[in-house]
1. Roughly how many Å² is the accessible area per residue of the range 87-214, as a whole number, for a 1.4 Å probe?
2. With the crude spin-label approximation of a point 7 Å out along Cα→Cβ, what separation in nm comes out for GLN40 versus LYS147?
3. Report the extension gain between GLU27 and LYS99 in nm, rounded to one decimal, defined as 0.36 nm multiplied by the number of residues separating them, less their alpha carbon distance.
4. What does the charge count around ASN176 come to, taking other residues whose C-beta lies under 13 Å from its C-beta (Lys +1, Arg +1, Asp -1, Glu -1)?
5. Ordered by residue, what ³J(HN,Hα) values in Hz, to whole numbers, does the range 176-188 give under the Karplus form 6.51 cos²θ - 1.76 cosθ + 1.60, where θ = phi - 60° and Gly and Pro are x?
6. Once fully extended, how much extra length lies between ASN116 and THR163, figured as 0.36 nm per residue of separation less the alpha-carbon to alpha-carbon distance?
7. What is the range 129-168's relative contact order, in percent, from Cα pairs under 8 angstrom and six or more apart in sequence?
8. Can you run phi through the Karplus equation (6.51, -1.76, 1.60; θ = phi - 60°) for the range 71-80 and list ³J(HN,Hα) in whole Hz, with x for Gly and Pro?
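The values are calculated or read from the model by the stated rules, or taken from the named source; none is laboratory data. Predicted model only: the values in this text are computed from it and were never measured. Don't worry about glycine lacking a Cβ; one is built from the backbone with ideal geometry, like all the others, and counts go over all protein chains shown. Keep in mind that these areas ignore ligands, DNA and RNA; they rest on the heavy atoms of the full protein, side chains included. Shrake-Rupley method; radii C 1.70, N 1.55, O 1.52, S 1.80 Å.
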Amino acid sequence: MKLRVWMILSLALSIGSLVLISQENKEKDARVSFLIGKVQLQKGGKGSWNILKQGDLVSEGDIVSTGNASKTTLLYKGSEFKILPNTKLKISSLHSESKDGKLEVQSGFAWFQLVNLKGKKFEVSTPTTTAGVRGTAFSAFHDHKTKDSSFCTCEGKVLMNGTGDPKDGTMQEKGNGGYYPGGGEEPKRSSYDGIIVKFKSLPPFKDLMKKNISLKNCLSCHTPQGWTPEDSVPSDETYGGGKI
């Protein structure tokens, strides 16, 4: 009888330990909450690429790559990382109580909503530009061929540091964007006041998109109102609507 009770207690403790370990792993990793098309993962940024599935965990050092007409959303402690088609995003560091966070858009377009940073810094960089935030929503784009980068701020403020910015950086507020030419020229500033209204992109956005084709990625969240785009991109499930 005593042996049976001891075995039951040991089994319960073992199961409890496994549950705690599982919870700790989920807490330190990002999770795939949404996925369409072909999305691949390179563990630790090295070696072979494996197909990523909804519900999979993504760890520090991993690189996520999306194909044509593919996109995925990663969740981490309430923050969202939306990775659009033909994009490579490296998870350099995920913030915790003891360290800052950093993501790298190696190529393509991604959108971020950062929350619950608890005083920690978070950086999103491209090979030529870095955006520093403390809780906001914004997008980042990098063309690996031309080396051009651009950032648009949807909510809050973003501190930009790139070629042509002052030594201490440029503060970019909600409704504004910055385009950084790969040749090192002065960055170009844009305002979307009256062009993008909440979830709608108005007709003037069409002309703006002709000058900067990367802006078509914005149509993932902002639905055209009063005009029809020539090319489509996979629409977002919701703007900032990921569930934990």
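1. On the way: 6420 Å² over 128 residues.
The answer is 50 Å² per residue.
2. In this crude label model, GLN40 to LYS147 measures out at 2.6 nm.
3. Working: separation 72, 0.36 × 72 = 25.92 nm, distance 1.42 nm.
Contour length minus the Cα-Cα distance gives 24.5 nm.
4. Net local charge, ASN176 excluded: +1.
5. Once rounded to whole Hz, the list reads 10, x, x, 10, 10, x, x, x, x, 5, 4, x, 9.
6. 13.9 nm
7. Contact order relative to length: 47 percent.
8. So the J values, rounded to whole Hz, are 7, 8, 10, 9, 10, 8, 6, x, 7, 10.
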